[in-house]
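Just below is one structure, and these are the notes that go with it.
Every read-out reported here was derived from the displayed coordinates using simple, explicitly stated rules and does not represent laboratory data. All of these numbers come straight from a predicted model, not from anything done at the bench. Cβ atoms come from the backbone with ideal geometry, glycine included; neighbour counts cover every protein chain shown.
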Amino acid sequence: MNFTLIGQLLIVGLASGAIYALIALGYTMVYGIIELINFAHGDIFMIGTLVAIVVIDALGAANNPPTGIALVGVILLAFIASVVVCAVLGVVIERIAYKPLRNAPRLAPLISAIGVSLILEDIGKLWKGLSPILFPQIFPNTTFYLGSISVSTIDIFVIIVAVILMVALQWFVNTTRLGRAMRAVAQDREAAALMGVNVDRVISITFLIGAGLAGAAAVIYGLKFGSTVFYIGFNLGLIAFTAAVLGGIGNLTGAMLGGLVIGLISSLVTIIPNSNDPSTHGFGLPHGGVAWVEVFIFGILILILVFRPSGLLGSHTPEKV
Amino acid sequence: MAVSTNDRWLVPARDTRMLLVKWVLALLVPLLVFNFAWQGDALINNVILGINNPAAANTTLDQLIEAAVFVVVFYVVILILAGYLVASDSGRRGMVEVWADVLVFLVVPILLINATANLILGVAVSAIVWGIYFLLRKRIPAFTRLQPQSLLDNLQVISQEQRAAIMNRARAGGFWLGASLALVWIIFDILFYVSGQLDTELLIFGVVRTIILPIAGFLLGTLGGRVALRHVLNANGESENGSRQKRERLQATSRVREEAADVVPNDLPLRSKGARNFYLLLVIVFVLFYPAIDPFLFGYGTNGRLAGYGDAGFYVILALGLNIVVGFAGLLDLGYVAFFAIGSYAWGMIGSTQLTNVLNLPPINPQVLSVLFWPMLLIGALIAAFWGVLLGAPTLRLRGDYLAIVTLGFGEIVPVFFLNLDQYTNGTNGIVGVHSPAFFGIDWSTITPVPYYYLILALIALTIFANIRLRDSRLGRAWIAIREDEIAAASSGVNLVRTKLFAFGAGAFFSGIAGVYHSAKLGQVSPDNFSFGDSVIYLAMVVIGGLGSIPGVIVGALAVYSINLFILAQLDSMATDPTNFMYGVSHFITQYIPGFTFGNIRNLVFGVILIVIMIFRPEGLIPSARRRRELHHEVNEGPEEGALDVIPTAPGFETEVHVE
Amino acid sequence: MGIDRTTVHEGQPLLDLRNVTKHFGGLAAVQDVNLQIWPGEIISIIGPNGAGKTTVFNLITGIYRVSTGDILLEGKTIVGLSPDRIVRRGITRTFQNIRLFNNMTVLENVLVGQHTQLKSSVFGALFRPPHTVHEEEEARKHAIELLEFFGPELVERQEEYVINLSYAQKRRVEIARALAAKPKLLLLDEPTAGMNEAETLEAVKYVRRLRDELGLTILLIEHKLAVTMGISDRIAVLDYGRKIAEGLPEEVRRDERVIAAYLGKPTTSERETEQQAAE
């Protein structure tokens, strides 16, 4: 086995995993607090990528990649724009499409969420068109070598940003008053209300934070992968949701762990050779592992839900956000 | 209800006069609209002309005869209906209300169908109007119905005199409708004749018609009266109709009330069960004879329309199938398109050279292939049902949202399999040359879409029949019980595993039928035809129409199909026409949003519709009686969270709760 | 175990709970419960809130799986069977919070209860062969008979949606639904909850009739002591998941431990630690 290749894929997997983790956090937070799968979450992420592109273009950075302080400034502005837009979008969506249905039978908010997802996708389509759009590659991407494995600075950047955000989230949830309120509402909404917690506000803030994280993920995704398209929200959303379930829905650490695991798996699956290729002598899968990533991830989702629905970290940590 | 024995049908008493004004006008207006706005008279005139000079008409003799039959049946039913409605009216519903109802439910659709030159589009847009009307009707006090007194108090044994009086009314209703229609018609005819637009022979026919219509009205009105009285018991306790005795055995008060809804005195004659049978009859006759009468009604474009209806038809079947899973059993299946794909590929592979290529066998004789279609309808459905059970199995213990996600995943994955296993399925290129069925040796692909139209009608009828039978059976009750409360259902003896699997299987079965039909009609199959977007559309059909309601999902399917394929496309083509007002609107928008076309915002439109419906009318356009109660009952008992309703990470979830 | 002067019973018990224990995570909701019920008895389970009474019901009816211990119906174990199989074996129940099918009529609710007694499946549903039609007719007749057990009122309202009924009426429909499966043992979870005095008296009457006229064995959870004292052959008392007393009503009423449990006097330090652990 080619260890360099595997090491390579691990790094790539970690980077993608970090992004999945950030998105998964949004899913798991919302589910933990109102037991709704926010179908539209992936599409909020997609909108974030578009916002970032627009900002970077507006600053003229696409054609003249800045360096030094200017670069930091541009990236920072892109972050801020994306995070703010996504966060606001998240809150608005909650107020308009989910709040009125809080007491409706479970199918109703789910269908409403599907509706929101459809709307966002078309907004993305109208805004930037049907084909994939290039994300300005302004991050200085140099490779250095750990042994024989090449590591890009962008991967390091992605991982660092994700880790910072996740740590910040953990700190927020575990130490601040608002974080405590979120955990309380997630455990028992009525009791929390009786304790004087403004449940509506807490729910809105949960959406705000979750969507904001997706916004941040959008920027680093764009910087790393270099393109976006109006329907990535759907695919990435499904993957991130699988990650959230894998880690244990409602569990923050679980979402992070799940994201990483899914990232690694999706990366490693690409090793599987193409059975159509004569050199493999029929070993592998038709068209290679690359074409079957979705199937694998989805297979994982089913396996978890059938055999261990509480996820990896579920039953041992009933603590939720 | 004042019944006077001096009532004569020719010189009615004052009460009856008012009734006549109410009903004859109510029925006359749509008839006239149909005749003159939608060229119903063209239908008849051409039939007459055609019968007299077959060479002059550009239609075949078959079509003429069918059209003639349609006309006769149509007017017969309406005259009977007139007698029925007049006889069974209790006077409780105001004239204006009845006229408003008729206007919205009959006149508007006729006008819309005429304007859009398309049956489905017209009906779909009408459905929207109906929805708005329903909403308004509740809000505007003037439209509120009077609160009816308990029918039980008024239910009485009908005496001979009363019976005679009611029959008089019926006769009067039929007669006067026939007479007024004849009168108006002949006036128009005379006007046209004088201005030179009418042939002489048509005028002669008009005179004949003026004599026939009132007489027919009289006789058919009598029939209508008899229908209205069919549930009535005689003064001596015997009923007119022997088979009613079976019902009387289980005569609970509420049952009597239900039947009384059909008997004089009647609160809702327009909507009563008896009247509904008439409407159903009219619709069935209309739909059956449609290919023959379409050329007369619209003039041109028949084949295109029929082909379109064929396509809309399989949407209806898909909606009905999904209704079993989502509407009856409450299992939110977001991957329904997978079974549609399986059905399509089933015929796609067998009905073309694909399968034989893969197996290295000589291709099947095309004539045999065409006949093979018929058993394949069943086999393809069974294959899809098998996969329905297989893919449903992992979801059995999952709760609503998770079930949705997993099924969504399947909906994504199955097309991937078809795409990637291209050594068997030809992957992205799809399969072409899929055969059409044959009937009595005629290959359908070579002639008009008419056979496909009738085929889909037959399939839809079968599907509706199956759905109704299933719903009203032990299995159907079990499904609804599961939807309402799984734990209580299991504790009442319902085997959750088997019942849910049956639901998946049954739902998939119908999508398999639709799939086989679809690939035969389209002539090809490719993985691009099946995506999550389609699953959403099917779900939208069921949700918009009304979860669990059979007429609801049919209307929902037509509405969604129209939006999907017609309305937006229409708007786009209007936008390219400089003379159309849409041109300006579209131009304005594209200045700010360059990528804008109406087709592009399809998902946006659906998304907004879904959200709006969920918030404001979650029971759908035409809800089943159950659902309306479920979602709007005054005492809002929220979802019950007993000791058994726990969430995944909390102890006591699926690892503990063990219901299979 | 408290006073246990059981009357002498012959033959094997209808229902036999042997050292039944149920853990949820670290917490034992039910611990080492032993109970035998003989045919034709009316047994009550009482105890303070959270004592595990409904959990016992859920264990018997198969909604929860027993952690350790055994439950035998007529000598055969029913542990591990799904709820619908247990219905087929002859145990049905009602729920504390009345779980009717809200969007079905009274009659339909009872018909669902007959699910195990009917045989028709997809074929029968679609084609309605004569035996299916006959079966459905008989089912409706039987359902109406069951409703008649409670008087003519429910029969008259059989086509109404249950959501329109009063609380007491809903309770009766739920019992009728449970009866439809022709059970041997009927579990009633707080059948008089939320009822006023008159309704409670009526309920007591028909519970007795269920045993006297229909030959059912009845296990009930009840909070109203007057009801339990008046109707039960024997009473079992649960507290913190354990059975602390069992016997004839007068015996149980005078039992110190029972009184302490209800009044909350901690009698042992064990109880205090358990309280802290549960928080």
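Starting with the highest mean, order C:247-254, C:78-85 by the number of other Cβ atoms within 10 Å, averaged over the residues of each peptide. Could the numbers behind the result be given before it?
Details: C:247-254: 16.8, C:78-85: 19.5.
The peptides rank, most packed first, as C:78-85, C:247-254.
Report, in whole Å, the centroid distance computed from the Cα atoms of the range B:281-299 and the range A:107-172.
Taking the Cα centre of each part, the range B:281-299 and the range A:107-172 sit 56 Å apart.
What is the helix-to-structure angle for C:130-148, meaning the angle in degrees between its Cα long axis and the longest Cα principal axis of chain C, kept from 0 to 90 and rounded to the nearest 10?
The helix C:130-148 is inclined about 50 degrees to chain C.
Quick check on my link table: of C:53/C:141; A:128/B:521; C:182/C:205; C:53/C:182; C:141/C:243; B:22/C:170, which ones sit more than 32 Å apart, alpha carbon to alpha carbon?
C:53/C:141; A:128/B:521; C:141/C:243; B:22/C:170
Calculate the mean, over all residues of peptide B:414-424, of how many other protein chain Cβ atoms lie within 10 angstrom of the residue's Cβ. All intermediate terms of the calculation are to be shown ahead of the outcome.
Values: counts 1, 0, 6, 3, 0, 3, 8, 3, 3, 3, 1.
Going residue by residue through B:414-424 and averaging, the value is 3.
What distance in nm separates the two pseudo spin-label positions at residue A:280 and residue A:142, each 7 Å out from Cα along the beta-carbon direction?
A separation of 3.7 nm, rounded to one decimal place.
Check every DSSP H run in chain A and write down those whose alpha carbon atoms cover 20 angstrom or more along the long axis and whose mean Kyte-Doolittle hydropathy is 0.0 or greater.
Working: long enough: A:3-34 (44 Å, 1.83); A:41-58 (26 Å, 1.72); A:68-93 (37 Å, 2.97); A:107-128 (32 Å, 1.14); A:153-175 (32 Å, 2.15); A:199-225 (38 Å, 1.49); A:232-247 (22 Å, 1.89); A:252-269 (26 Å, 2.01); A:293-307 (21 Å, 3.10).
Helix filter hits for chain A: A:3-34, A:41-58, A:68-93, A:107-128, A:153-175, A:199-225, A:232-247, A:252-269, A:293-307.
Indicate, rounded to the nearest 5 percent, the antiparallel portion of the DSSP beta bridges found entirely in chain C.
Numbers: 20 of 36 bridges.
DSSP beta bridges in chain C are roughly 55 percent antiparallel.
Can you run phi through the Karplus equation (6.51, -1.76, 1.60; θ = phi - 60°) for the range B:482-497 and list ³J(HN,Hα) in whole Hz, with x for Gly and Pro?
Result, rounded to whole Hz: 4, 5, 6, 6, 4, 5, 5, 5, 4, 6, 9, x, 7, 7, 4, 4.
Given N residues in the range B:564-624, what is Rg(Cα) / (2.2 N^0.38 Å)? Walk me through the intermediate numbers first.
Numbers: Rg = 14.6 Å, N = 61, 2.2 N^0.38 = 10.5 Å.
Working it through for the range B:564-624, the quotient is 1.39.
Could you line up B:305, A:177, B:474 from fewest to most neighbouring Cβ atoms inside 10 Å? Walk me through the numbers on the way to the answer.
Working: B:305 21, A:177 8, B:474 25.
Ranking B:305, A:177, B:474 by Cβ neighbours within 10 Å, fewest first, gives A:177, B:305, B:474.
How many angstrom lie between the Cα centre of the range A:270-290 and the Cα centre of the range B:514-532?
29
Provide the net charge surrounding residue B:404, with neighbours chosen by a C-beta distance below 15 Å and charges set as Lys +1, Arg +1, Asp -1, Glu -1. Each step should come with its number before you reach the end.
Values: positive: A:106, B:397, B:399, B:483, B:500; negative: A:35, B:333, B:401, B:412.
That sum, taken over residues with Cβ under 15 Å, equals +1.
Averaged over its residues, how many other protein chain Cβ atoms are within 10 Å of peptide C:104-117's Cβ atoms?
Details: counts 5, 2, 1, 3, 5, 5, 1, 5, 12, 6, 4, 11, 4, 2.
Taking the mean over all residues of the peptide, I get 5.
Which of B:333, B:422 has the fewest other C-beta atoms within 10 Å, and how do the rest follow up to the most? Write down the numbers at each step before the final one.
Working: B:333 33, B:422 16.
The fewest-first ordering by Cβ neighbours comes to B:422, B:333.
Can you tell me which of C:26, C:90, C:50 moves the most in a GNM of chain C? Springs connect C-alpha atoms under 10 Å apart.
C:26
Sort B:495-506, B:318-329, A:283-294 by packing, meaning the average of other beta carbons within 10 Å per residue, with the highest value first.
Numbers: B:495-506: 22.2, B:318-329: 29.2, A:283-294: 17.3.
Peptide ranking by packing, descending: B:318-329, B:495-506, A:283-294.
What value, in deg cm²/dmol to 500, does the helix sum -39500 (n - 2.57) over DSSP H runs of n ≥ 4 give at 222 nm once divided by the residues of chain C? Intermediate values should be presented prior to the final figure.
On the way: 12 runs with 115 residues, N = 279.
Roughly -12000 deg cm²/dmol at 222 nm, from the helical runs in chain C.
Taking the Cβ of residue B:563 as the centre, find all other residues whose Cβ is under 15 Å away and add up their charges (Lys, Arg: +1; Asp, Glu: -1). Working shown, then result.
Details: positive: B:602; negative: A:122, B:311, B:534, B:572.
After counting each charged neighbour, the total is -3.
Amide H of residue C:30: which non-local residues (sequence gap of 5 or more, or other chain) have their own amide H closer than 5 Å, using H built in the peptide plane?
The answer is C:22.
Quick check: Cα centre of the range C:30-85 to Cα centre of the range A:40-106, how many Å?
So the two Cα centres are separated by 55 Å.
Residues with amide H under 5 Å of residue A:150's amide H, sequence separation 5 or more or different chain, H placed in the peptide plane at 1.01 Å from N; which?
Residues meeting the amide H criterion: none.
So what's the back-of-envelope 222 nm ellipticity for chain A, counting only DSSP H runs of four-plus at -39500 (n - 2.57) apiece and dividing by all residues, rounded to 500?
Numbers: 11 runs with 214 residues, N = 321.
Theoretical 222 nm ellipticity from helices: -23000 deg cm²/dmol.
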